[in-house]
Amino acid sequence: MLKVIDLDKSYNRQKQSLKAVSFTAKPGEVTAIIGPSGAGKTTILRSVNQLIKDDAGQILLDDEDIRQANKSDLRRIRHHIGMIFQNYNLIGPLTALENVLHGRLGAKSTFAGMLGLYSATEKNEAAKLLQDVGLADFALQRCDQLSGGQQQRVGIARALMQHPKMILCDEPIASLDPKSTKLVMDILRELAQSKQLIILINLHQLDIAQTYADHIVGINQGTIVFEGPERALTPEKLQAIYRQPETKAVTADAN
Amino acid sequence: MPTKPTPQQFFRRRNRQLLIILLILIGIYWLSMVLVNFQTMSSLAQVPAGLIWLAKNFIPTQRSLSYLGAISFQLWRTLLVSIASTICAGLFSLFFAVLGAKPTAPAPYWRVIVRLGASLVRNIPVVAWSMILLFSFKQSDFTGFLALFFMTLGYLTRAFTETIEDLDPEKLNALRAVGATYLQCVFCGVLPEVATTLMSWLLYMIENNLRDATLVGILTGTGIGFLFNYYFKSFRYDAAGLIVLLIAVLVIALELTSTRIRKAIA
């Protein structure tokens with residue numbers, strides 16, 4: 001269970017990006033964070049694994065606060081949190097198999113990881129995961145030669161290699177065509193159910209969120225304006241989530 | 001508010017500007033010629049005679065082939081010194097570049113230190129390096145090696161730093177999110193991403209250093225440069241000419257090979 005409590009973050013003094021953000025995400029469910037551009041979706045997601053340092057609050061993954069973790073604890077916690085990105089962020093010249101094996105880096109000694117000394121068990125597991133996401137034939141191909149949908153599936157396999165409790169997905173389908181989108185989202189939903197993972201996902205596309213998410217967190221200008229099951233999302237709530245900031249309307253009137 | 005020019009006015013104005021720039025350039029040339037007492041016409045008149053003298057004396061003859069053994073031996077040594085100094089400098093440069101590049105710098109002040117250091121080493125010309133090192137290390141191949149090493153270090157540190165900075169930092173974030181340590185990020189993320197570009201730079205610097213090695217050799221009295229200087233000063237111009245020819249052949253061969261390697265690894 002992921003519990004985020006009263007999370008604050010500001011990048012500069014004028015504007016606070018997150019204001020007392022609180023929500024929960026349960027294992028076995030797809031939790032989608034939706035909201036307009038610049039609302040703070042990415043900031044929330046990246047605070048959860050501390051790629052971004054927030055200012056105040058609590059982030060509890062199974063009752064352990066990642067914000068209080070020291071360097072080696074942070075490494076251990078991150079090892080159990082997979083992450084996939086809009087731009088996949090694989091190491092292009094390396095093969096799909098090597099990229100999947102990177103999922104083990106958090107559990108290996110610095111030295112073994114640096115030199116890529118993986119055990120036979122690890123290599124077999126990586127190959128198996130690639131097979132699971134339908135890329136068995138591409139295991140030894142350079143990642144920068146794969147299509148977007150294929151790269152995202154390598155990203156998912158890398159995340160699974162971490163034996164994660166949770167997978168964070170930062171706009172995972174924003175660069176994909178509809179067919180790849182469906183493939184990737186189907187995999188993510190299936191994973192949530194079969195492995196009882198927490199899937200926390202940032203989405204621009206409302207229709208995808210409504211189709212795939214069990215639980216929805218709506219955010220507007222750094223404040224949570226809705227949290228609840230997908231069926232509780234009424235048109236009024238949607239309007240509140242996607243409401244444009246009033247300051248913009250005022251300047252528009254002035255012109 | 002200025003009125004918008006018609007297309008005709010626009011082109012007339014631009015042609016006038018081009019003409020003015022051309023006149024200014026000619027003026028600067030003329031002024032500098034006057035200041036240094038350079039006679040353009042009489043200098044041009046000397047060119048054909050000069051070329052004929054060059055052709056008569058410097059074209060290798062049957063006799064100069066007897067020097068071929070000595071020349072190829074020195075050329076071979078010079079090539080090896082160029083390669084060794086480039087690769088050595090490359091390794092050090094990579095280390096400094098990782099310290100100095102924005103995404104991988106352990107602390108911001110490292111960026112300043114590396115940048116300043118590389119710029120200092122780079123901006124001392126190879127000629128000056130040779131002269132300075134000659135006094136400390138005497139006339140030996142090692143002096144030539146060091147002169148090339150320092151200059152290469154300056155260039156490659158800069159080039160490698162920029163290559164690493166071109167990398168999408170998000171890729172490193174992905175590895176940090178996995179729980180990778182700093183060194184793991186560098187070895188599993190940065191190095192595979194930049195390896196081919198680094199290889200291209202190394203190959204380019206080997207070519208470049210072979211050319212520079214001739215000059216360094218003249219100054220430090222080693223390698224092919226020394227031999228060139230020796231033949232030249234003992235009026236054996238045909239042998240000196242043979243050296244120039246062989247260096248050109250070797251550089252071209254090196255260039256062709258490195259182009260092929262670059263294509264193969266890209």
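Filter the range A:202-218 down to residues that are out of contact with any strand residue (DSSP E or B) (no Cβ under 6 Å at 6 or more places or on another chain) and β-branched (Val, Ile, Thr) and give me whichever is farthest from A:Gly40 (Cα to Cα).
A:Thr211
Taking the range B:131-182 as the range and being more than 14 Å from chain A (Cβ to nearest Cβ), of a type in the set (Ser, Thr, Tyr) and surrounded by 16 or more Cβ atoms within 10 Å (Cβ to Cβ) as the test, the residues that pass are B:Thr143, B:Thr152, B:Tyr155, B:Thr157, B:Thr161.
Any chance the range B:196-211 includes a residue that's part of a helix (DSSP H, G or I), touching a residue at least 24 places away in the same chain (Cβ under 8 Å), closer than 30 Å to A:Gln145 by Cβ and among the small types (Gly, Ala, Ser)? Checked against the condition, which is being part of a helix (DSSP H, G or I), touching a residue at least 24 places away in the same chain (Cβ under 8 Å), closer than 30 Å to A:Gln145 by Cβ and among the small types (Gly, Ala, Ser), the range B:196-211 yields at least one hit.
Counting only residues that are in contact with a Gly (Cβ under 6 Å, 6 or more places away or on another chain), of a type in the set (A, V, I, L, M) and within 19 Å of B:Leu94 (Cα to Cα), the range B:169-202 holds 2 of them. Of the candidates A:Ile66, A:Ile77, A:Ile91, A:Ile84, the single residue that is closer than 19 Å to A:Thr24 by Cα and facing chain B (nearest Cβ under 10 Å) is A:Ile77. Of all residues in the range B:66-77, at least one satisfies being in contact (Cβ under 8 Å) with a residue 40 or more places away in the chain, closer than 30 Å to B:Ala253 by Cα and touching a Lys or Arg at 6+ places or on another chain (Cβ under 8 Å).
Taken as a whole, the structure places B:Ala101 among residues that are surrounded by 13 or more Cβ atoms within 10 Å (Cβ to Cβ), closer than 16 Å to B:Leu156 by Cα and not aromatic (Phe, Trp, Tyr).
If you filter the range A:109-130 down to residues that are away from chain B (no Cβ under 14 Å) and among the small types (Gly, Ala, Ser), you find that the one that is surrounded by the fewest Cβ atoms within 10 Å (Cβ to Cβ) is A:Ala120. Being touching a residue at least 60 places away in the same chain (Cβ under 8 Å) and within 18 Å of the chain's Cα centre (by Cα) is true of A:Gly28. Among the residues of the range A:204-240, the ones that are more than 24 Å from A:Pro178 (Cα to Cα) and among the β-branched types (Val, Ile, Thr) come to 5 in all.
Specify which of the listed residues (B:Phe73, B:Phe58) is out of contact with any Cys (no Cβ under 6 Å at 6 or more places or on another chain), closer than 30 Å to B:Met205 by Cβ and not assigned by TED's automatic domain parsing to the domain that holds B:Gly241.
The conditions single out B:Phe58.
Against the condition surrounded by fewer than 22 Cβ atoms within 10 Å (Cβ to Cβ), over 30 Å from B:Glu165 (Cβ atoms) and of a type in the set (S, T, N, Q), how does B:Ser119 come out, does it pass? No.
For B:Cys188, the criteria (1) more than 16 Å from B:Ala105 (Cβ to Cβ); (2) surrounded by fewer than 24 Cβ atoms within 10 Å (Cβ to Cβ); (3) of a type in the set (A, V, I, L, M, F, W, C); (4) within 12 Å of chain A (Cβ to nearest Cβ) hold in every case but one, which is (2).
Of the residues B:Gly154, B:Gly144, B:Gly189, which is in a helix (DSSP H, G or I) and within 12 Å of B:Ser82 (Cβ to Cβ)?
After applying the criteria, what remains is B:Gly144.
Picking from residues in the range B:212-251 that are surrounded by fewer than 20 Cβ atoms within 10 Å (Cβ to Cβ) and small (Gly, Ala, Ser), the one that is nearest to B:Leu133 (Cα to Cα) is B:Gly221. Scanning the range A:131-173 for residues that are over 23 Å from A:Tyr212 (Cβ atoms), away from chain B (no Cβ under 14 Å) and either touching a residue at least 12 places away in the same chain (Cβ under 8 Å) or among the aliphatic types (A, V, I, L, M) (or both) yields A:Ala136, A:Phe138, A:Ala139, A:Leu140, A:Gln141, A:Leu146.
Based on what the data block shows, is A:Thr24 among the polar types (S, T, N, Q) and out of contact with any Lys or Arg (no Cβ under 7 Å at 6 or more places or on another chain)?
Against the criterion (among the polar types (S, T, N, Q) and out of contact with any Lys or Arg (no Cβ under 7 Å at 6 or more places or on another chain)), A:Thr24 does not qualify.
Can you confirm whether B:Ala180 is closer than 17 Å to A:Ala159 by Cβ, not in a helix (DSSP H, G or I) and not polar (S, T, N, Q)? Here the answer is yes, as B:Ala180 does meet what is asked. For the range A:50-96, a tally of residues being crowded, with 18+ Cβ neighbours inside 10 Å, among the aliphatic types (A, V, I, L, M) and touching a strand residue (DSSP E or B) at 6+ places or on another chain (Cβ under 6 Å) returns 6. When the range B:232-264 is filtered for residues that are part of a helix (DSSP H, G or I), in contact (Cβ under 8 Å) with a residue 60 or more places away in the chain and either not assigned by TED's automatic domain parsing to the domain that holds B:Arg211 or not aliphatic (A, V, I, L, M) (or both), the ones remaining, listed by number, are B:Tyr237, B:Asp238, B:Gly241, B:Arg262.
With respect to the conditions (1) facing chain B (nearest Cβ under 7 Å); (2) modelled with pLDDT of 95 or more; (3) out of contact with any Cys (no Cβ under 7 Å at 6 or more places or on another chain), A:Gly106 falls short on a single one, namely (2).
The values are calculated or read from the model by the stated rules, or taken from the named source; none is laboratory data. The structure displayed is predicted, hence computed values, not measured ones. Every residue, glycine among them, receives a Cβ derived from its backbone with ideal geometry; neighbour counts consider all protein chains shown.
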